[in-house]
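**Q** Following this message is one structure expressed as structure tokens.
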Amino acid sequence: MWQYYLILGLGVVFLLLAIFTFRNTMGFLKNGDKATATVTDLHKYEAEGEVFAPVFTFRTKENQIVTYELAEGTDPPAWKIGETTTVIYDPADPSKVSLYSYFRMFVWTLVLLSIAFPLLIVGGGYFIAARFIL
């Protein structure tokens, strides 16, 4: 029976973490500024073959030029030099930047929720079943 308390407790912890990351993301979206970024370079890395990470350049509202390298690379390159996309950045610290897409903004919230819900269903389901069925 203690296992179900543990499972339920872990589910609650992951749910709280998901809520925390969601709030942080929403705060970033609310307070961030959007800009159009252009791929200016493809940084080549050697990692079990060649991978190419795009390097974006954009101009802030304060007319500051910022360069941002995407943390992951692909082979073949997913981006071409000259392509543009929308980024969102923290006006107080323009080095805090992210591509402006649903998945990139909410990936950690979705991952944490996908862990939390099954744990909550299994852990909570046991106690519901114990009360009404068993």
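What follows is calculated from the coordinates using simple rules that are stated; it is not laboratory data. These numbers come from a predicted model, not from an experiment. Cβ placement follows ideal geometry from the backbone for every residue including glycine, while neighbour counts extend to all protein chains displayed.
**Q** To the nearest Å, what is the center-to-center distance of region 105-134 and region 1-44, using C-alpha atoms only?
**A** Using only Cα atoms to place each centre, the spacing works out to 18 Å.
**Q** Something else: In percent, how large is the relative contact order of the chain, given Cα pairs closer than 8 Å and 6 or more residues apart?
**A** Numbers: 200 pairs, mean separation 44.6, N = 134.
Relative contact order here is 33 percent.
**Q** Continuing with this model, one more query. Tabulate in residue order the Karplus-calculated ³J(HN,Hα) for region 6-18, using 6.51 cos²θ - 1.76 cosθ + 1.60 with θ = phi - 60°, rounded to whole Hz; enter x for Gly and Pro.
**A** Couplings: 5, 4, 5, x, 5, x, 5, 4, 5, 5, 5, 5, 5 Hz.
**Q** Here's another thing I want to ask about it. What is the Cα coordinate range of region 33-90 on the first, second and third principal axes, sorted by size from largest, in whole angstrom?
**A** Taking the Cα atoms of region 33-90, the three principal extents are 40, 18, 14 Å.
**Q** If I fit a long axis through the Cα atoms of helix 102-132 and take the longest principal axis of the Cα atoms of the chain, what angle between them do I get, 0 to 90°, rounded to 10?
**A** 0
**Q** Using packing as a proxy for protection, rank 7-17, 85-95, 122-132 so that the peptide with the highest average count of other Cβ atoms within 10 Å comes first. Display every interim value, and only then the final one.
**A** Details: 7-17: 16.5, 85-95: 14.8, 122-132: 12.6.
Those peptides, ordered most packed to least, come out 7-17, 85-95, 122-132.
**Q** Can I ask one more? Run down the lysines and flag those whose C-alpha is under 24 Å from the C-alpha of Lys80, throwing out any fewer than 8 positions away in its chain.
**A** Lys34, Lys44, Lys96
**Q** Helix-only estimate, please: 222 nm mean residue ellipticity of the chain, summing -39500 (n - 2.57) across DSSP H runs of length 4 or more and dividing by its residues, to the nearest 500.
**A** Working: 2 runs with 61 residues, N = 134.
Estimated from H runs of four or more residues: -16500 deg cm²/dmol.
**Q** Which three extents, in whole angstrom, do the alpha-carbon atoms of the chain cover along their principal axes, largest first?
**A** Here the spans come out as 64, 39, 18 Å, largest first.
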